[in-house]
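Student: Let me begin by handing over the structure; questions about it come next.
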Amino acid sequence: MRQVVVITGGGSGMGLATAKAMPKEKLIVLSGRTQEKLAGAVRELEQLGMEAKPFACDTSKRESVRALAQFAAGLGEVKNVIHAAGVSPHMADAEQLIRINALGTVYVNQEFAEVMAPGSVLVDIGSNSGYMLPGFLASPGVYEMADRDEEAFVGKLVKKSGIAGKKMARGLAYAYSKNFVIWYAKKSAFTLAPKGIRVCSLSPGLIETPMGAVEKGDGEFLISQAAEKRMGRPEELGFAIACAADERNGYLAGVDLLVDGGATTHMKQFKKKF
Ligand SMILES: NC(=O)c1ccc[n+]([C@@H]2O[C@H](COP(=O)([O-])OP(=O)(O)OC[C@H]3O[C@@H](n4cnc5c(N)ncnc54)[C@H](OP(=O)(O)O)[C@@H]3O)[C@@H](O)[C@H]2O)c1
C-alpha cells in the first residue's frame, strides 16, 4: 500500500520545505486554502521527482479537515501528518488566531487519529512565541475545554488575549494559540499512543518564510538573543520537521522540539533581566 504524507500549510514556507525533505517514494498531500499556491508547490515537488497532490482545506473548519483526512486515507496508508498551517499576528485578529492555530490543531489531531494506522507519526508546529507567555497566564484549565466545548474554549482565550489592551491582543492571542499547540501535542501523545500514533510538536523561531517576512519587524530582537545570529532557513526547519516525523525517530513523543537558534534558552536561562 502506498505510504502517504499529509502536510497542512504545505503550499509555502516550512510546510513546503518539509515536503522536499520527505522520502521520495512517499506520496505527498499538500493542503492549504489557496488552490494556486498548492498547484505551484506541487509543480516544485514534481520537478524534484516527487509525487504530490493538492487538497484545499481550511483547518479552522472541522468538516474541511475531515474531508482532507478522508481524501488522504483514500490514497493509501497515512504514515506522517505535519500540521504546519497557521497564521501570525499581522495576518489575523485574536479570534482567527485562536480558531486557526489552536482549534485547527484539535481538528487535525482528532480527525487524523481516525485514519492513521499504528506506526504513524503526527507533528504539530508550534512556535517559540508559545514559550513567551508568562507562566501565570498559561491556562491548562481553559485548554482542557478544547475537547468538550469548542466555543467556550475560543471565547475564554480571546478574552484572556485582551487583558493587556487592544494593541497587545493579537500578539497575546498568537502566544496563547501556540502555547496551546505545544500543550495539546503533549496531551495527544498520550491519548493517541494506544492507537500506535506517535505525537510531538516542533516550535520554530524566526524563520525566512512568507510569515517570517511579515513578522520580522516585531521578531527581529530574537536574532540578537540567539546563539545563531540570523533567521532560520526554511530548509533547515524542513529537515528538522522531517526528522521528527520519521518513523525511525520512534522514541520522540510527548515533547516539544524548540528549533530557534537558541533564542528562547538564552532569554529564559542566561539573560539576567527576563
Ligand atoms: N516563520 C516564522 O518565523 C515562524 C515562527 C514560529 C512559528 N511559525 C509557525 O510555522 C508554521 C508554518 O509557517 P510558515 O512560516 O511556513 O508560514 P507560511 O509560509 O505563511 O505558511 C503557512 C501556511 O499555512 C496556510 N494556512 C494559513 N491558514 C490556514 C487555514 N486556516 N487552513 C489551512 N491552511 C492555512 C497558508 O496557506 P493559505 O493562506 O493558502 O491557506 C500557508 O501556506 C505556522 O504554524 C507558523 O505559525 C512560523
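The values are calculated or read from the model by the stated rules, or taken from the named source; none is laboratory data. Here the structure is a predicted model, which is why all the values come from computation and not from measurement. Positions of Cβ are backbone-derived with ideal geometry, glycine not excepted, and every protein chain shown enters the neighbour counts.
Student: Can you find a residue in the stretch 125-136 that is at pLDDT 95 or above and either farther than 15 Å from ILE182 by Cβ or more than 15 Å from the ligand (Cβ to nearest atom) (or both)? Working first, answer last.
Tutor: Going through the stretch 125-136, the residues at pLDDT 95 or above turn out to be 125-131.
Those still in the list that are either farther than 15 Å from ILE182 by Cβ or more than 15 Å from the ligand (Cβ to nearest atom) (or both) too: none.
Within the stretch 125-136, not a single residue is at pLDDT 95 or above and either farther than 15 Å from ILE182 by Cβ or more than 15 Å from the ligand (Cβ to nearest atom) (or both).
Student: Quick one: which residue in PHE190, PHE221 is aromatic (Phe, Trp, Tyr) and in contact (Cβ under 8 Å) with a residue 24 or more places away in the chain?
Tutor: Within the list PHE190, PHE221, the selection yields PHE190.
Student: Hey, another quick one. Would you call ARG248 surrounded by fewer than 21 Cβ atoms within 10 Å (Cβ to Cβ), in contact with an Asp or Glu (Cβ under 8 Å, 6 or more places away or on another chain) and basic (Lys, Arg)?
Tutor: Criteria not met by ARG248.
Student: Separate question: Is one or more of the residues making up the stretch 189-203 within 11 Å of the ligand (Cβ to nearest atom) and within 22 Å of MET91 (Cα to Cα)? Spell out the reasoning first.
Tutor: Just the residues of the stretch 189-203 that are within 11 Å of the ligand (Cβ to nearest atom), to begin with: 201-203.
Checking which are within 22 Å of MET91 (Cα to Cα) leaves us with 202-203.
Yes: one or more hits.
Student: Something else: Could you list, in sequence order, the residues of the stretch 1-21 that are of a type in the set (A, V, I, L, M), within 16 Å of the ligand (Cβ to nearest atom) and surrounded by fewer than 24 Cβ atoms within 10 Å (Cβ to Cβ)?
Tutor: Within the stretch 1-21, ALA21 is the sole residue that qualifies.
Rundown of residues vs (1) under 11 Å from the mean Cα position of the chain (by Cα); (2) aliphatic (A, V, I, L, M), yes/no style:
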| residue | (1), (2) |
| --- | --- |
| HIS83 | yes, no |
| ASN101 | yes, no |
| GLU111 | no, no |
| VAL115 | no, yes |
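Conditions (1) part of a helix (DSSP H, G or I); (2) within 16 Å of the ligand (Cβ to nearest atom); (3) not aromatic (Phe, Trp, Tyr), marked per residue:
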{"site": "LYS160", "(1), (2), (3)": "yes, no, yes"}
{"site": "ILE163", "(1), (2), (3)": "no, no, yes"}
{"site": "ARG170", "(1), (2), (3)": "yes, yes, yes"}
{"site": "ALA175", "(1), (2), (3)": "yes, yes, yes"}
{"site": "LYS216", "(1), (2), (3)": "yes, yes, yes"}
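Student: Which of the residues spanning the stretch 221-240 are surrounded by fewer than 17 Cβ atoms within 10 Å (Cβ to Cβ) and more than 12 Å from the ligand (Cβ to nearest atom)?
Tutor: PHE221, SER224, ALA227, GLU228, LYS229, ARG230, PHE239
Student: Based on what the data block shows, is LYS178 charged (D, E, K, R) and at pLDDT below 95?
Tutor: Values: charged (D, E, K, R): yes; at pLDDT below 95: no.
Spelling it out, it is not the case that LYS178 is charged (D, E, K, R) and at pLDDT below 95.
Student: Within the stretch 66-80, can one find any residue that is closer than 17 Å to ILE182 by Cβ, more than 10 Å from the ligand (Cβ to nearest atom) and within 17 Å of the chain's Cα centre (by Cα)?
Tutor: To start, the set of residues in the stretch 66-80 that are closer than 17 Å to ILE182 by Cβ comprises none.
No.
Student: Pull up the stretch 105-127, narrow it to residues that are under 17 Å from GLY9 (Cβ atoms) and free of Cβ contacts under 8 Å to residues at least 60 places away in the same chain, then point me to the one that is surrounded by the fewest Cβ atoms within 10 Å (Cβ to Cβ).
Tutor: Selected residue: GLU111.
Student: Anything in the stretch 5-43 that is without any contact (Cβ under 8 Å) to a residue 24 or more places away in the chain and closer than 20 Å to ILE207 by Cβ? List them, or say none.
Tutor: The initial filter retains those residues of the stretch 5-43 that are without any contact (Cβ under 8 Å) to a residue 24 or more places away in the chain, namely 23, 25, 34-36, 39, 42-43.
Selection gives THR34 alone.
Student: I want to confirm something. Restricting to the stretch 24-50 and keeping residues that are outside any helix (DSSP H, G or I) and among the polar types (S, T, N, Q), which single residue is surrounded by the fewest Cβ atoms within 10 Å (Cβ to Cβ)?
Tutor: THR34
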